[in-house]
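Worksheet: the structure to be examined is printed underneath.
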Amino acid sequence: MREAVEALAIKEEGIYIDATFGRGGHSRSILKHLKDKGRLLVIDQDPDAIATAVELEERDVRIESRHAQFSSLRELVEEKGIFGKIDGVLFDLGVSSPQLDQAERGFSFMRDGPLDMRMNPTEGISAAQWVNKVAEKEIADVLFQYGEEKHSRRIARRIVEERKEQPIETTTRLAAIVKEANPSWERDKHPATRAFQGIRIYINRELDELKSGLDQALEVLNIGGRLVVISFHSLEDRIAKRFIALQAKGDSYPRDLPVPQSLMNPKLKSIGKAVRASSREIDANPRARSAIMRVAEKTA
């Protein structure tokens, strides 16, 4: 959190967006750096997160909350008349600790609960609805593409076999099926980790939302505004890394065309190297061990 807030290079009267409010850790830290005229717009698609944000909003006039996804960023900013005036946007990706810790949300294979996995339980289909109706090939494709699970076909086959006997409706049952079907376990990692990750990302359209959110964040930032992205697995980080690299490169021209970098219209510049959680932070919060942060600044 400290590194992320420092990376935003906060101006005391600036306008900032916390695109993943969660339970407000980053937002509260940002607010400590803002004076009375500073503003913070926070969004989250999780109703529980926004309920917490509303409580904070009622006590602090500098903050405004919206129940929304990344793909609504431009619309919200335009609605507030602050397009092109944003000084920083923060994305803290993935599932939050409260979501993992609440068994009824269905994110964790370590806690028995309904197999849901929706970040917004009021929209879309649950993981249970999906896993019990789609074709074996679709399950395998999702586990492979979004969970990077090399045994995806074998696991998908077992899921389809098991659901014929009884619908798969709980997290622990799905975890047990995957565990039994997975022939190679990684050290210090539950054998259902990749499968749960893949299903969750697919159900919530997380990668599509991230791509849309990054595009829109670049649009709404002012010149000199900062973009900070914290990722927790390789698929997210790859998207953030490529986005920053592409926007820092600028317009695409044939290699043999002598166009100087200054005329290629780069929109971002990367700030520093990718930052990982310190050993001290990991000791205090083991879930931070896979976190990686990338920072960029808008140049045009």
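Each reported figure results from applying straightforward, stated rules to the coordinates on display, with no laboratory input. Being a predicted model, the structure only gives us computed values, none of them experimental. A quick note on method: Cβ atoms are made from the backbone with ideal geometry, for glycine too, and the neighbour counts reach across all protein chains shown.
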Quiz item: How much length is gained on full extension from ASP208 to LYS164, taking 0.36 nm per residue of separation minus their Cα-Cα distance?
Solution: 12.7 nm
Exercise. Name the residue farthest towards the positive end of the dipole of the chain from the options VAL5, GLN247, GLN69, assuming +1 on Cβ of Lys and Arg, -1 on Cβ of Asp and Glu, about the Cα centre.
Key: GLN247
Quiz item: trypsin sites (Lys or Arg not before Pro) within region 19-64: which are DSSP loop residues with at most 14 other Cβ atoms inside 10 Å?
Solution: LYS35, LYS37
Exercise. Per DSSP H run of n ≥ 4, the term is -39500 (n - 2.57); total these for the chain, divide by its residue number, and report the mean residue ellipticity at 222 nm rounded to 500 deg cm²/dmol.
Key: -12500 deg cm²/dmol
Practice problem: Please name which of ILE159, THR172, ASN182 has its Cα lying farthest along the dipole of region 108-204 towards the positive end, using unit charges on Cβ (Lys, Arg +1; Asp, Glu -1) and the Cα centre as origin. | Solution: ASN182
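Of all DSSP beta bridges located in the chain, what percent are antiparallel, nearest 5?
Bridges in the chain are about 40 percent antiparallel.
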Exercise. For the chain, just say rounded, prolate or oblate: build the C-alpha gyration tensor, square-root its eigenvalues into a ≥ b ≥ c, call rounded for a/c under 1.5, and beyond that prolate if a/b exceeds b/c, oblate if not.
Key: prolate
Practice problem: Indicate the gyration tensor shape class of region 1-92 (rounded, prolate or oblate), computed on the Cα atoms with a ≥ b ≥ c the square roots of the eigenvalues: a/c under 1.5 is rounded; otherwise a/b larger than b/c is prolate and the rest oblate. | Solution: rounded
Quiz item: Which length gain, in nm to one decimal place, applies between GLU58 and LYS269 when the Cα-Cα distance is subtracted from 0.36 nm times their residue separation?
Solution: 72.3 nm
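Over the chain, calculate the relative contact order: mean separation of alpha carbon pairs under 8 Å at least 6 apart, over the residue count, as a percent.
Numbers: 522 pairs, mean separation 51.6, N = 300.
It rounds to 17 percent for the chain.
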Quiz item: Got the relative contact order for region 108-204 handy, in percent, Cα pairs under 8 Å and 6 or more residues apart?
Solution: 40
Practice problem: Mind running the shape call on region 108-204? Use the C-alpha gyration tensor, a ≥ b ≥ c as the square roots of the eigenvalues: rounded below 1.5 for a/c, prolate if a/b tops b/c, oblate otherwise. | Solution: rounded
